[in-house]
Amino acid sequence: MEEEIINKFEKFKWTKESTRKTTIHRYYDFAEVISHQPVKEVEFLKSAHIVNTYFNGEVNQYHELSEWKKAKENVKNLLKRRDILEFLKKNMFSAQKNITDWIRDKIYKKDISKCSNGEILALLKERRKRYLCLVNWQWFGFIGKFCIEEAVMELLKDYTKDTEEAVKIVFANENPVHIIQEGIETKKIALIAKKGNKKKLDKMLMKHLDRFIAVNMYDETYQEMTLDSLRNRIEKLKERGNLEEEIKKDEKKFYLNKKNYQELIKKYKFFKKNRELLDLAHKFSEFNEIRNYYRGLCSFYSRGFFEQIAKRLGLTLKEILCYCDEEIILALEGKIKLQKKEAKERYKKSVLVYDEDSFYFYTGEEAEKLIEKLELNPKNTNELSGQIACKGKKVIGKVKIINSTYDMHKLVRGDILIASVTRPEFLVSIKKAAAIVTDEGGLLSHAAIVSREMNKPCIIGTKIATKTFKDGDLVEVDANKGIVKVIRRK
């Protein structure tokens, strides 16, 4: 049976859609959801063939190309609902909040160490059922942003020649997303700290920590915000002399985004149907960022739970998250034993083959051979092209691959930041970079939005930049043509 599946997979054409620094456990959920669609209101694919490759903490997910195109078409049709904005507000927000609240109340607030294995097993099964619904909404947001971008680009061509400027306005947020709001609030706390009001400062710090504790968490292995880390940031901010001006500038930007959008709508007098699409696009990036907020909270609330399960099965947190829930459930039922050696091999190099209702893991040489068989390795090239997110003059700099906050120390001013995707916590590095290049993303992606705000050259959607270039390579980024090429290999 396994051999038949591999033979079938060899005939498929694969497209890489995401790369993340995360766990096998997290990305197995993504494969499971896109195949089984637990939220019936947002069904976009009935079955799926997926391959995940895993190398030392980095996951790449590949989809069978025709299925991926079909999923995008189905999401496009869902987005045509006349009540789509209200539908998303009512369902996308509330569903993710309800699931997160359940994990907080039933798992995080519970003393798991006092639970029997049977109780833990029941909680894990229920968490899985609910959590997959949350991931379903996250997939909808991930695919939806590409669909909206394509539709908006096509629409704006009929109204204006300056589509680049119009796109900037349509996709500019009227309100700061969660992590940007956290940065603004931190600056406000630093201003209070400068004035020396310790009693008020302590209250603000605790309130801030409660609100933003999981802001940088992607999975259970990421570090939450701590009081010490927050205090350290406050101390550094206090040294800056223009905090009040920075805060005013931050808040004014969102006011101007709203004003510019209203003026654009007034200027071109869009038909009602077109106006509805633009309103959706204008709000969608805010809707989409809600995914990050709830994903972070779920990870924070779930970590202690998985630590306790790992302890009972003789593993570490890192090791238990090299297995998927189905395997953990079988282990808790005493039907299989999860091995440290297997976890180590999966973490180092492994491939997950997901075929509708069946999944198989391959490690070591077997994994390498399978990657070659399925032609997942990018071909050697010294030049890549992608979508232009922000035009700019040609820049030359050294490559720095940034796929998590742990990589940010590598980048110095003038380097070329290359990432699978950028996230708000990368802002410090983004400001230093001469240009941004990403594997993924569209005009609603974080890299695109931030580069336009900073007027920084940016090329997105190259698919394989993080696999083509290496730290230290000297490259030229031509953001007017959407081309990145090697000048000298390290």
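Just tell me which aspartates and glutamates come within less than 13 Å, Cα to Cα, of residue 335; anything on the same chain fewer than 8 places away is out.
In chain and number order, the partners are 326, 327.
Please give the net charge around residue 125, taking every other residue with its beta carbon less than 15 angstrom from that of residue 125, where Lys and Arg add +1 and Asp and Glu add -1.
Values: positive: 106, 127, 128, 129, 130, 335; negative: 29, 32, 119, 126, 325, 326, 327, 333.
Every neighbour counted, the sum reads -2.
How far apart, in nm, are two points set 7 Å out from the Cα along the Cα-to-Cβ line at residue 326 and at residue 13?
2.9
With charges set only on the Cβ (+1 for Lys and Arg, -1 for Asp and Glu), what does the dipole of the chain come to about its Cα centre, in debye to the nearest 20?
My answer is approximately 2020 debye.
Give the long-range amide H neighbours of residue 359: residues separated by 5 or more places, or on another chain, with amide H under 5 Å away, using H modelled in the peptide plane at 1.01 Å from N.
Here nothing satisfies the definition.
By how many nm would the segment from residue 80 to residue 2 lengthen if fully extended, with 0.36 nm per residue of separation less the alpha-carbon distance?
Details: separation 78, 0.36 × 78 = 28.08 nm, distance 4.01 nm.
Extra length from residue 80 to residue 2 when fully extended: 24.1 nm.
Kindly state, to the nearest 0.05, the FRET efficiency for residue 122 paired with residue 369, given R0 = 35 Å and r defined as their beta-carbon distance. Don't jump to the answer; show the numbers that get you there.
On the way: r = 40 Å, r/R0 = 1.14.
With R0 = 35 Å, the Cβ-Cβ based efficiency is 0.30.
How many angstrom lie between the C-alpha centres of the stretch 256-294 and the stretch 62-115?
If we compute the Cα centre of each part, the gap is 21 Å.
Ordered by packing density, taken as the mean number of other Cβ atoms within 10 Å over each peptide's residues, highest first, how do 15-28, 449-462, 58-71 rank? Write out the running numbers ahead of the final one.
Numbers: 15-28: 20.6, 449-462: 22.2, 58-71: 18.3.
Most protected by this proxy first, the peptides run 449-462, 15-28, 58-71.
Please give me, ordered by residue number, the trypsin sites (Lys or Arg not before Pro) of the stretch 149-240 that lie in loop per DSSP and have at most 15 other Cβ atoms within 10 Å. Write down the numbers at each step before the final one.
Details: sites: 157, 161, 168, 187, 188, 194, 195, 198, 199, 200, 203, 207, 211, 231, 233, 236, 238, 240; in loops: 161, 240.
Of the trypsin sites (Lys or Arg not before Pro), the ones in loops of the stretch 149-240 whose Cβ has at most 15 other Cβ atoms within 10 Å are 161, 240.
Residues of the stretch 121-141 with backbone nitrogen within less than 16 Å of a virtual label 7 Å along the Cα-to-Cβ line of residue 311, please, listed as ranges.
Within reach of a label on residue 311, which here means backbone N under 16 Å from a point 7 Å along Cα→Cβ, the stretch 121-141 contributes 121.
Please compute the net charge surrounding residue 478, taking Lys and Arg as +1 and Asp and Glu as -1 over other residues with Cβ under 11 Å from its Cβ. Show your work: numbers first, answer last.
Details: positive: 391, 393, 394, 481, 485; negative: 383, 476.
With Lys, Arg at +1 and Asp, Glu at -1, the net is +3.
State to the nearest 20 debye the size of the charge dipole of the stretch 383-488 about its Cα centre, where the only charges are +1 on K and R beta carbons and -1 on D and E beta carbons. Write down the numbers at each step before the final one.
Working: 18 positive and 11 negative charges, 60 e Å.
It comes to approximately 280 debye.
Using the Cβ atoms and a cut-off under 10 Å, what net charge is assigned to the surroundings of residue 412, where Lys and Arg are +1 and Asp and Glu are -1? Each step should come with its number before you reach the end.
On the way: positive: 398, 400, 410, 413, 432; negative: 415.
Residues near residue 412 contribute +4 overall.
Every cysteine in the chain with no other Cys Cβ under 4.7 Å from its Cβ, please list them in numeric order.
115, 133, 147, 298, 322, 324 - these cysteines have no disulfide-compatible partner (Cβ-Cβ under 4.7 Å) in the chain.
State, as an integer percentage, the relative contact order of the chain based on alpha-carbon contacts under 8 Å between residues 6 or more apart. Each step should come with its number before you reach the end.
Numbers: 768 pairs, mean separation 86.4, N = 490.
The normalised contact order for the chain reaches 18 percent.
Find how many whole Å separate the alpha carbon centroid of the stretch 147-215 from the alpha carbon centroid of the stretch 363-436.
Going from one Cα centre to the other spans 24 Å.
Fully extended, how many nm does the chain gain between residue 380 and residue 91 (0.36 nm per residue separation, minus their Cα-Cα distance)?
99.6 nm
Rule-based calculations on the coordinates, nothing more; no lab input. Because the structure is a prediction, the values reported are computed rather than measured. Positions of Cβ are generated from backbone atoms using ideal geometry, with glycine treated the same way; all protein chains shown enter the neighbour counts.
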